[in-house]
Amino acid sequence: MARGEAGGSRSTAGLLSGPLLWLLLFFVVPVCLIAAYSVGALHLLPTDRGAVSLGSWRKFLTGDSVYLSLFWKSVRISLTVSIVVVLLSYPIGYFLALCVRKRKYVLLLVIIAPFLTSYLLRVLAWKVILGERGVLNSALYQLHLRAPDHPVTWLIYSQFAVMLVLAYVWVPFVALPIFVSLNNLDGSLLEAAGDLGASRWRTFLRVTLPLSLPGVTAAFVFVFVPTIGEFVTPQIVGGSADGSDFLFGNAINARFTQALDWQSGSVFALFLLIVVAVLMVIFGRRVQMRNVAT
């Protein structure tokens, strides 16, 4: 018996060693390097100077920090996009889980089909749609709603374009956890609510929505966490003159690739990682408490 348990323990350790080694090399070690760089304990560039200090952190967190204001603007945009995406995805998940009787998984495959193409290609396609000579402006010309020399300029290279493209990218992905949450509902609860005289709307508010909130919370996290550090989409469809679509992720990218100020970039990146980790803990506890209450 003891020999069998020892063999099982060795098998488990062998199975876990690969993922743990991968996690150590490509997550823990890079985070430690960024943390060391943020306090000046590590120097890799010839331009790096100075001893170990919290000066970069102090400069970022205190005073009139432009980058701290940029972070809060990114949080606001990410919250807006996350709420809009969840509101758009919930009807999709509800329709597939509770309204479609046959071929629901075929329709689900159709919804997630865009993930079979490159993320970059999907974002670039929106430049063709929203551009000054793009599909939308051309349609407005044909309908005689706009003059050819007066296109709708705010459709592209604006905060609106960034938020629109981010919502488009994440709606199919976010519909999945909502669909799973609704698809796993006990149908007898819905039938019991109907037998007790509850209308469809009251059944939705009192039964369906509360029981699907764990999936909604997971969907919200799936959008909020990646978009708060997004920099590719604003770089492609953003770029307004007033900088309203310049996000915190763009600032991190600029610190590393343009200004070559890796210490400040490490401070920004580590700060974002800490904020995301704290939010994940809060959301995780909230979902766990709701599941226990349910």
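With the structure loaded, tell me whether residue 171 is of a type outside the set (Lys, Arg) and surrounded by fewer than 21 Cβ atoms within 10 Å (Cβ to Cβ) or whether it fails that test. Steps first, answer last, please.
Working: of a type outside the set (Lys, Arg): yes; surrounded by fewer than 21 Cβ atoms within 10 Å (Cβ to Cβ): yes.
For residue 171, the condition - of a type outside the set (Lys, Arg) and surrounded by fewer than 21 Cβ atoms within 10 Å (Cβ to Cβ) - is met.
Just one of the listed residues (218, 241) is over 29 Å from residue 39 (Cα atoms), surrounded by fewer than 18 Cβ atoms within 10 Å (Cβ to Cβ) and either among the hydrophobic types (A, V, I, L, M, F, W, C) or modelled with pLDDT under 80 (or both), namely 241.
Among the residues of segment 120-130, is any surrounded by fewer than 16 Cβ atoms within 10 Å (Cβ to Cβ), part of a helix (DSSP H, G or I), touching a Phe, Trp or Tyr at 6+ places or on another chain (Cβ under 9 Å) and without any contact (Cβ under 8 Å) to a residue 60 or more places away in the chain? Taking every residue of segment 120-130 in turn, at least one turns out to be surrounded by fewer than 16 Cβ atoms within 10 Å (Cβ to Cβ), part of a helix (DSSP H, G or I), touching a Phe, Trp or Tyr at 6+ places or on another chain (Cβ under 9 Å) and without any contact (Cβ under 8 Å) to a residue 60 or more places away in the chain. What do you reckon, is residue 25 at pLDDT 85 or above, open to solvent by 40 Å² or more (accessible area, probe 1.4 Å) and within 30 Å of residue 246 (Cβ to Cβ)? Against the criterion (at pLDDT 85 or above, open to solvent by 40 Å² or more (accessible area, probe 1.4 Å) and within 30 Å of residue 246 (Cβ to Cβ)), residue 25 does not qualify.
Here residue 157 fulfils each of the conditions (1) under 12 Å from residue 238 (Cα atoms); (2) touching a residue at least 60 places away in the same chain (Cβ under 8 Å); (3) assigned to a helix (DSSP H, G or I); (4) open to solvent by 50 Å² or more (accessible area, probe 1.4 Å) apart from (3).
Of 193, 139, all but one fail to be without any contact (Cβ under 8 Å) to a residue 60 or more places away in the chain, closer than 30 Å to residue 215 by Cα and either small (Gly, Ala, Ser) or not in a helix (DSSP H, G or I) (or both); the exception is 193.
The values are calculated or read from the model by the stated rules, or taken from the named source; none is laboratory data. Predicted, not measured: the structure shown is a model, and the values here were computed from it. FYI the Cβ positions are ideal-geometry reconstructions off the backbone, even for glycines, and counts take in every protein chain you see. Surface areas here come from the heavy atoms of the whole protein model, side chains and all, with no ligands, DNA or RNA. Shrake-Rupley method; radii C 1.70, N 1.55, O 1.52, S 1.80 Å.
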